[in-house]
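A.B. asks: What follows is a single structure, and I will ask about it in a moment.
The values are calculated or read from the model by the stated rules, or taken from the named source; none is laboratory data. Because the structure is predicted, anything quoted here is derived from the model rather than measured. Here the Cβ positions follow ideal geometry from the backbone for every residue, glycine too, while neighbour counts run over all protein chains shown. Side chains are part of the model used for accessible areas, which takes the heavy atoms of the whole protein and leaves out ligands, DNA and RNA. Shrake-Rupley method; radii C 1.70, N 1.55, O 1.52, S 1.80 Å.
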Amino acid sequence: MNDKIFTADLILAGGIVVNSRARFRADVAIKDGLILAIGAPDAMPRAREIIDVASKYILPGAIDVHVHFREPGYTHKEDWRTGSAAAAMGGTTTIFEMPNTDPPTRSVKELREKQAAASKAHVDYGIYGLLAEDNIGELEGLITGGVNAFKCFMGNTFGNLPSPSTGAMLEGFEVIAPSGLRISLHAETASIMAWRQERLMAAGRNDPLAHIAARPAIVAAEAVARAAELAGWTGARVHVLHISSAIELRPLTEAKARGVDITGETCPCYLLLDTRDYARLGSIIRVNPPVREHSDSLAIWEALQTGVVDMIATDHAPHTPEEKQQDIIWRADCGFPGVETQMPLMLNEVAKGRISLEHYVKISSENPAQSFGLWPMKGRIEIGAHADIAVVDMERTEVIRAATLHSVRARITPFEGVSVTGIPIHTLVRGRFVQRDRSLIEATSGWGRQVTNIQRMPQAKPRNTDQTLAAALQGPFEALAGTAA
Ligand code: NCD
Ligand code: ZN
């Protein structure tokens, strides 16, 4: 006879658990940061605390693989504390933070600085290392030093990091492929954009729509196609950030069909805004890549449903209101905060019937967890997984107001005044409330910790390893060695 009595730390009672394929009524017991039990009230262990979440939905917290928290270097816009507070308020339990800080995360030294800044986080986090022209020699160090993914800026954007040549990219992909770490791509072709922007500026085009003219959708399609070829050749895993156009879906679909390990994300602005919003929003809407035509939005929605686009991220890109509001479009900083508003905006689409709650869980949590090596500990409500949870009230309506955003230095959003139904009312990270009843738990600054990628080398499938630059620098290919001698 087993007389062991489990006492859970917490039970969420009476809610509806949602996974990617089903929802069901169940209590959820949490112990030591993990989900201990899911089931009928009678099957629950004793608990120190029981919270009634009757008729609320229990979702795995959102995993946002694209945020910019600006520290070190640009803390007048945001820092790790304010950015992760915004995530906690938005039902997001894990974020991956981008390397276009100052200094950029280009070697182990800067990785350690980033980790020190991140120690204030309310939520769990991954850290991106940079893949650039001038740090190929640092990539191995970043891998062993503990980055969770890489970022390659194929086109110019905030931070003005120079885009690597295709040659440098190829070598970078060769070096990173064996690690299995995913390389996220800002897929816009730098040379096309530089050419066009210069010509537009010379012609005196300073209006918001000139931003699209400088970065037409071909810049994205060309970059996705080129990166997908390099990924297929090297076996590196890649991820297309902020998908903005219908036409880049073609190279993405084709690459997936031929077995390239490529994933894609889009962001709420590309689904919910289009060219008709430029006159109203002016420079606030400026983002890289640009918000495009209504027909692009419709195509991206369709691709989200069919799985061509794998996930929702935010590209949370805070800038001050002064930096955003400029009469000359070229002077306005690109991007806007998003990590706090993603879940309400998308749940509002669920409430409208545009996607199911199950599919939302898939694109906001399950797919990012699987693609970035966090599954099965994150991305699902399941026994043994981290208790990373968003408790959602699908009856609750709020109006998005920049003035209440927790990105306190970047209180400006293109979604100002939008009424949203479907709100995360509690957020738990590894079993601890970081947001409760729509209030941030300040004391949880520092609770967040860096994630570990489970999916590492064993599953990586590097290709053409006999033809890497590193191999060639050692001498002729082995197959040719006899003849060369
Ligand atoms: C981002 C930023 O501000 O860091 N801006 C943007 O317009 N998306 C950079 C980026 O992701 O391109
Ligand atoms: Zn980008």
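A.B. asks: Quick check: is even one residue across segment 168-175 farther than 13 Å from Pro104 by Cβ, in contact (Cβ under 8 Å) with a residue 60 or more places away in the chain and aromatic (Phe, Trp, Tyr)? Can you show your working first?
C.D. replies: From segment 168-175, those farther than 13 Å from Pro104 by Cβ are 168-175; that's our starting set.
Among the residues that remain, those that are also in contact (Cβ under 8 Å) with a residue 60 or more places away in the chain are: 169-171, 173-175.
Next, only the ones that are aromatic (Phe, Trp, Tyr) stay: 173.
Checked against the condition, which is being farther than 13 Å from Pro104 by Cβ, in contact (Cβ under 8 Å) with a residue 60 or more places away in the chain and aromatic (Phe, Trp, Tyr), segment 168-175 yields at least one hit.
A.B. asks: Do we find a residue being under 17 Å from Thr413 (Cβ atoms) and hydroxyl-bearing (Ser, Thr, Tyr) anywhere in segment 84-100?
C.D. replies: The answer is yes, given that some residue of segment 84-100 is under 17 Å from Thr413 (Cβ atoms) and hydroxyl-bearing (Ser, Thr, Tyr).
A.B. asks: Give the residue that is nearest to Gly33 (Cα to Cα), with candidates limited to residues of segment 385-423 that are among the acidic types (Asp, Glu) and under 23 Å from the mean Cα position of the chain (by Cα).
C.D. replies: Asp388
A.B. asks: Could you check segment 372-387 and list, in sequence order, the residues that are part of a loop (DSSP other than H, G, I, E, B), open to solvent by 10 Å² or more (accessible area, probe 1.4 Å) and either touching a Leu at 6+ places or on another chain (Cβ under 8 Å) or aromatic (Phe, Trp, Tyr) (or both)?
C.D. replies: The answer is Trp375, Ile383, Gly384.
A.B. asks: Checking the structure you have, find out if any residue of segment 266-273 is surrounded by fewer than 23 Cβ atoms within 10 Å (Cβ to Cβ), at pLDDT 95 or above and β-branched (Val, Ile, Thr).
C.D. replies: No, every residue in segment 266-273 fails to be surrounded by fewer than 23 Cβ atoms within 10 Å (Cβ to Cβ), at pLDDT 95 or above and β-branched (Val, Ile, Thr).
A.B. asks: To continue, here is another question. Consider segment 135-163. How many of its residues are farther than 25 Å from Lys77 by Cβ and either within 13 Å of ligand 2 (Cβ to nearest atom) or open to solvent by 10 Å² or more (accessible area, probe 1.4 Å) (or both)? If you could, list the steps in order and put the result at the bottom.
C.D. replies: Restricting attention to segment 135-163, the residues satisfying the condition of being farther than 25 Å from Lys77 by Cβ are 136-141, 143-146.
Now narrow it down to the ones that are either within 13 Å of ligand 2 (Cβ to nearest atom) or open to solvent by 10 Å² or more (accessible area, probe 1.4 Å) (or both): 136-138, 140-141, 143-146.
Residues that pass the stated criteria total 9.
A.B. asks: If I go through segment 289-341 residue by residue, how many of them are open to solvent by 10 Å² or more (accessible area, probe 1.4 Å), closer than 21 Å to Ala213 by Cβ, of a type in the set (Ser, Thr, Tyr) and free of Cβ contacts under 8 Å to residues at least 40 places away in the same chain?
C.D. replies: Total satisfying the criteria: 0.
A.B. asks: Here are some conditions: (1) in a loop (DSSP other than H, G, I, E, B); (2) within 16 Å of ligand 2 (Cβ to nearest atom). Gly259 meets all but one. Which one does it not meet?
C.D. replies: (2)
A.B. asks: Search segment 342-367 for residues being of a type in the set (Ser, Thr, Tyr) and within 15 Å of Val391 (Cα to Cα), and hand back the single one that is surrounded by the most Cβ atoms within 10 Å (Cβ to Cβ).
C.D. replies: Ser365
Table: residues versus (1) open to solvent by less than 30 Å² (accessible area, probe 1.4 Å); (2) more than 27 Å from Ser371 (Cβ to Cβ); (3) away from ligand 2 (no atom under 16 Å from the Cβ); (4) part of a loop (DSSP other than H, G, I, E, B).
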| residue | (1), (2), (3), (4) |
| --- | --- |
| Val17 | yes, no, yes, no |
| Phe24 | no, no, yes, no |
| Ile58 | yes, no, yes, no |
| Ala87 | yes, no, yes, no |
| Pro99 | yes, no, no, yes |
| Ala116 | no, yes, yes, no |
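A.B. asks: Which count do you get for residues in segment 268-326 that are among the basic types (Lys, Arg) and in a helix (DSSP H, G or I)?
C.D. replies: Selection size over segment 268-326: 3.
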